[in-house]
Amino acid sequence: MGGIEDAERPLKRVKIPLGDLDKSLDNSSSTKPVFGSLGDSMARPLYSQGDGERIGSKGVIKKHEFVKIITRALYSLGYDRTGDLLQEESGIQLHPSAVSLFMQQVLDGKWDESLATLQTMGLDDESVAKSASFLILEQKFVELLKEGKIMDALRTLRTEIVPLSVNMGRVHELAASIISPSQTVVLGISSQDNSVANSRSRFLEKLQQLLPPAVMIPERRLENLVEQALDMQRFNCVFHNTLDSELSLLSDHQCGRNQIPSQTLQVHCSCVHCSCYIHVHVDGEHGKKKRASKLSSTLGALCVTKFRNYD
């Protein structure tokens, strides 16, 4: 980490008194590097409330959840080693051991083992556990069908999927896919993507959407929170006139009055002569009377096509 060779010992960070620091700066012949206040200020811990389990000035952010979504974002970005180090240093695991084992079993296609591990993950809602079991067995059925193991797929359908009594409409569709090859395309079973690893990764993401967030951290959770914050800043911006690509995470967004178009660059004016003929029928005591009138007017149209910001 950090690009430092193993044989080279890292420089120690030391604190230097203000007086000694001034002397060292005045001495132009000194070439020794100075470390201290800058690194210490950057490593300053976040403001915490009470026993340190909550952070932020308002004390509404749970520290362990905050660390978990950061760790999840690191893994999503491909920084696996950094994510491992964050878990080790913070002592906060992204997932309990049972959940990590479950995820690995799904990726390895160990369906029976994953079903057994699912029962140890502490799911309070029995319907969620049944639905998750159904999805796992459906994925098992799909892979058996792709491999041409028709009898094994049929056995899974009869002895494992049907007894769950979940989503019977889908069960009938799975049964039809065994008889009719065209039905596999409708169900999305037949795919040109022959990569088993990609298929299981997408299935795991689908499974994550079903399980509670406290059990399995949702994918891209940190990105979603940041996008919500940017959307709220944009919504609260009174004079908003900025492209989304110009929004920054480094400061709160606020457009100024000078970003409102205020100087006309080009005016297009055309005059149109318009005639309107109105025919009115009026029923009275002495029979029908017809009244007609003709209105003429000149309409002026003003179209502003270009603006320049007024500085």
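Going by what's in this entry, would GLY78 be described as over 30 Å from PHE134 (Cα atoms), part of a loop (DSSP other than H, G, I, E, B), under 31 Å from the mean Cα position of the chain (by Cα) and modelled with pLDDT of 80 or more?
Answer is yes for this residue.
Scan (1) surrounded by fewer than 16 Cβ atoms within 10 Å (Cβ to Cβ); (2) under 24 Å from the mean Cα position of the chain (by Cα); (3) touching a residue at least 40 places away in the same chain (Cβ under 8 Å) for the single condition GLY122 breaks and write down its number.
(2)
Could you say which residue among ALA73, ALA153 is buried (at least 17 other Cβ atoms within 10 Å of the Cβ) and either farther than 20 Å from LYS206 by Cα or of a type outside the set (A, V, I, L, M) (or both)? Working first, answer last.
Details: ALA73 fails: either farther than 20 Å from LYS206 by Cα or of a type outside the set (A, V, I, L, M) (or both).
ALA153 is the lone residue from the list that is buried (at least 17 other Cβ atoms within 10 Å of the Cβ) and either farther than 20 Å from LYS206 by Cα or of a type outside the set (A, V, I, L, M) (or both).
Does SER57 qualify as being of a type in the set (Ser, Thr, Tyr), without any contact (Cβ under 8 Å) to a residue 40 or more places away in the chain, farther than 18 Å from GLU205 by Cα and outside any helix (DSSP H, G or I)? Please lay out each step first, then the result.
Working: of a type in the set (Ser, Thr, Tyr): yes; without any contact (Cβ under 8 Å) to a residue 40 or more places away in the chain: yes; farther than 18 Å from GLU205 by Cα: yes; outside any helix (DSSP H, G or I): yes.
Judged against the criteria, SER57 is a match.
Would you be able to say whether some residue in segment 197-211 is surrounded by 15 or more Cβ atoms within 10 Å (Cβ to Cβ), touching a Gly at 6+ places or on another chain (Cβ under 7 Å) and within 29 Å of SER97 (Cβ to Cβ)?
So in segment 197-211, the residues surrounded by 15 or more Cβ atoms within 10 Å (Cβ to Cβ) come out as 199-200, 203-204, 207-208, 211.
From the residues that got through so far, the ones that are touching a Gly at 6+ places or on another chain (Cβ under 7 Å) too are 200.
Checking which are within 29 Å of SER97 (Cβ to Cβ) leaves us with 200.
Yes, segment 197-211 has at least one match.
Just give me the residues in segment 198-226 being assigned to a helix (DSSP H, G or I) and among the acidic types (Asp, Glu), in sequence order.
If we filter segment 198-226 for residues that are assigned to a helix (DSSP H, G or I), which is where we start, we get 198-210, 221-226.
Correct list: GLU205, GLU223.
Kindly establish whether VAL162 is assigned to a helix (DSSP H, G or I) and crowded, with 17+ Cβ neighbours inside 10 Å.
Here the answer is no, as VAL162 does not meet what is asked.
In segment 226-251, what residues are more than 21 Å from ILE70 (Cβ to Cβ) and loosely packed, with under 11 Cβ neighbours inside 10 Å?
Within segment 226-251, PHE235, VAL238, LEU243, ASP244, SER245, GLU246 qualify.
So which of ILE92, ILE70 is modelled with pLDDT of 90 or more, on the phi < 0 side of the Ramachandran plot and not in a helix (DSSP H, G or I)? Before you say what the answer is, go through the steps one by one.
Details: ILE70 fails: not in a helix (DSSP H, G or I).
ILE92 is the lone residue from the list that is modelled with pLDDT of 90 or more, on the phi < 0 side of the Ramachandran plot and not in a helix (DSSP H, G or I).
In this structure, is ALA132 within 22 Å of PRO212 (Cβ to Cβ), crowded, with 19+ Cβ neighbours inside 10 Å and among the small types (Gly, Ala, Ser)?
On the way: within 22 Å of PRO212 (Cβ to Cβ): yes; crowded, with 19+ Cβ neighbours inside 10 Å: yes; among the small types (Gly, Ala, Ser): yes.
So ALA132 passes the test.
Open to solvent by 60 Å² or more (accessible area, probe 1.4 Å) and at pLDDT 75 or above: is that true of LEU222 in this structure? Explain how you work it out, then say what you get.
On the way: open to solvent by 60 Å² or more (accessible area, probe 1.4 Å): no; at pLDDT 75 or above: yes.
It is false that LEU222 is open to solvent by 60 Å² or more (accessible area, probe 1.4 Å) and at pLDDT 75 or above.
For the condition open to solvent by 70 Å² or more (accessible area, probe 1.4 Å) and either in contact (Cβ under 8 Å) with a residue 12 or more places away in the chain or not in a loop (DSSP other than H, G, I, E, B) (or both), what is the one hit in GLN104, GLN139, GLN87? Explain how you work it out, then say what you get.
On the way: GLN139 fails: open to solvent by 70 Å² or more (accessible area, probe 1.4 Å); GLN87 fails: open to solvent by 70 Å² or more (accessible area, probe 1.4 Å).
One residue alone meets the criteria, GLN104.
The values are calculated or read from the model by the stated rules, or taken from the named source; none is laboratory data. All values derive from a computational prediction rather than experimental measurement. Neighbour counts are summed over all protein chains in view; Cβ atoms, including those assigned to glycine, are modelled from backbone coordinates with ideal geometry. Please note that ligands, DNA and RNA were not included when accessible areas were found on the heavy atoms of the full protein model with its side chains. Shrake-Rupley method; radii C 1.70, N 1.55, O 1.52, S 1.80 Å.
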